[in-house]
Amino acid sequence: FLRLMVDAVIKRDLSELLRYFLLATLLEITRSSITYLGRLLRGRFAEEGISQVRAQVFFKLGNATISRLEEGHSGDYISRLNNDLNSMNTIAGEIPFSLFHTCLTGLGALIYLSTINLKLTLLMLASSPVLLALGTAASTPLSGLGKEYQQKLARLSEIAQDAIGRIETIKGYQLGAIFQGKFGEATDEVVGKAKSIAGRESVLDGISGFIAMIPFLLMFGLGGYWSIKGEMTAGSLVAFVDLFSYLTMPVHQLPGQIAKLRLALAACQRVAAILGMEQETSGGNATTPKHTGDAIVIKDLVFSYPSREGEVLKGISLTIKEGEKVAIVGASGSGKSTLLKILLGLYPEYRGEIHILGRSLDEWSLPALRGNLAAMTQEAHLFPLTVHENITIGRPGASNDEVLRASRLAYAHEFILALPEQYQTQVGEMGSRLAGGQRQRIALARTIYKTRPSYS
């Protein structure tokens, strides 16, 4: 339409100019509507896709083996779950639709340009591969910079999580200045990597702009010459220049898109590492105990952590009868907590024999095994729920009498009644609204409640 409108102006044909103007306006309205719908669908597609990946990553983290999880830092895992997945939005949304749009418009422009002046079109296309190769080569270093940036960002999350999660210790030991220094150094490293990426992208933008201008200079020179010679009309030259921008747009944008893709791929690699984590097996098929009179039987148990040297447990043998109370005593680091984790099926890398409630540990389905056991670790972890929900979280569908009985056995009932909303009181993050002893007693009540057979 631009060519026809320019030629109409030169011919001073007002009716023809008005007709082409109205048609061009209608075409632009249609194009804008399609662009709007495309962006709307792109946003929905990207968010839905990333949300599915995020759910899968969360599932993989929740089902990974304990030994594999202990190799990393929780702050790094959270960074991958948030920052890296946000970076992947580039792949899920922006790049595919952008490439599709530019390639489609470029193809349409190429076809029409060929009808205007085939010789000039082929000449302009001949320079595109060389220019594209230069732009692609300039974006290569961004892949390594992107991976380093995500790693530095994860380190920043680790320090922040350590500081906030252990604020009482930090204040008590006056460690604030130390952590401020660590956080400042990590922030400087993140900013440094971000500046490196920005510098590389600015160079890439300059190169892309220069690359985009070369065909236009050639086109104006040759097209102007042919117009003077009468081989092209002025309208054809103006239309050719306008349409050629749609053809050069992919060449101009592709280096930048490749740069974004390289940065996003670095995040993809970190997310893929989680998706490839070793997963905990479901165990055997047994779901019910065999009452033989023995609750736990251990013979010649040997265990060492995969990531450490030396054996933590060596030659452990013991028998615990049903209903019997047994204390396992030892020095710090002697393996008491490790033994408890092995009994829960958290560390399958042991040697020896273990029988729980009449069945071999290997025979038990892990969900069923853990449904018959309850463990209270040294750290009394509470969830940001009510007191009642924290007690019953291990066995939903509780009767009020069972909750009260467990609370009384844990000597928690009296102080719970003194709380603002009693059993419906919110305990806060990690039980922050309760005293340390109160958190421990609620955790103990949760353990007692889950092991109902021991007192019913």
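Throughout, read-outs are computed from the coordinates displayed, never taken from laboratory work. Note that the coordinates shown come from a computational prediction; the quantities given were computed from them, not determined experimentally. Note that we place each Cβ from the backbone using ideal geometry, even for glycine, and neighbour counts take in every protein chain shown.
Points to keep in mind about this one:
- Lys, Arg +1 and Asp, Glu -1 on Cβ, resulting dipole of the range 294-371 about Cα centre, debye, nearest 20: 220 debye
- Using R0 = 41 Å, the C-beta based FRET efficiency linking Ser360 and Gln180 works out to 0.20.
- Ranked list, fewest to most other Cβ atoms within 10 Å of each Cβ, for Val329, Val241, Val57: Val329, Val241, Val57
- All lysines inside 23 Å of Lys450 as judged from Cα atoms, apart from same-chain residues fewer than 8 positions distant: Lys290, Lys321, Lys325, Lys336, Lys341
- Applying the Kirkwood pairwise sum to the alpha-carbon positions of the range 294-371 produces a hydrodynamic radius of 13.1 angstrom.
- Between Leu385 and Val203, the distance separating the two model label sites (each 7 Å from Cα on the Cα→Cβ line) works out to 5.4 nm.
- Annotation: amide H of Gly283 within the under-5 Å range of Leu366, sequence separation 5 or more or interchain, hydrogens built in the peptide plane.
- Cut-off under 5 Å, modelled amide H: who pairs with Val312 long-range: Phe303, Ser304, Tyr305
- Signed unit charges on C-beta, dipole axis of the range 294-446, positive-most listed residue Ile393, Gly437, Gln378: Gly437
- Rough spin-label spacing in nm, given labels placed 7 Å along Cα→Cβ, for Ser33 and Val302: 7.7 nm
- Pairs of Cα atoms in the range 344-439 fall into 10 Å distance bins, from 0 up to the last occupied one, in shares of 13, 39, 26, 18, 4, 0 percent.
- Lys/Arg +1, Asp/Glu -1 at C-beta; the range 294-371 dipole; positive extreme among Val302, His355, Leu344: Leu344
- Cα-Cα pairs of the range 387-454 separated by more than 16 Å (percent): 36 percent
- Taking Cys103, Cys268 and counting other C-beta atoms within 10 Å, the order from fewest to most: Cys103, Cys268
- Spin-label pair Thr187/Leu110, simplified geometry with 7 Å Cα→Cβ offset, distance in nm: 5.0 nm
- Extension gain, Asp242 back to Glu429 (0.36 nm per residue minus Cα-Cα distance, nm): 61.3 nm
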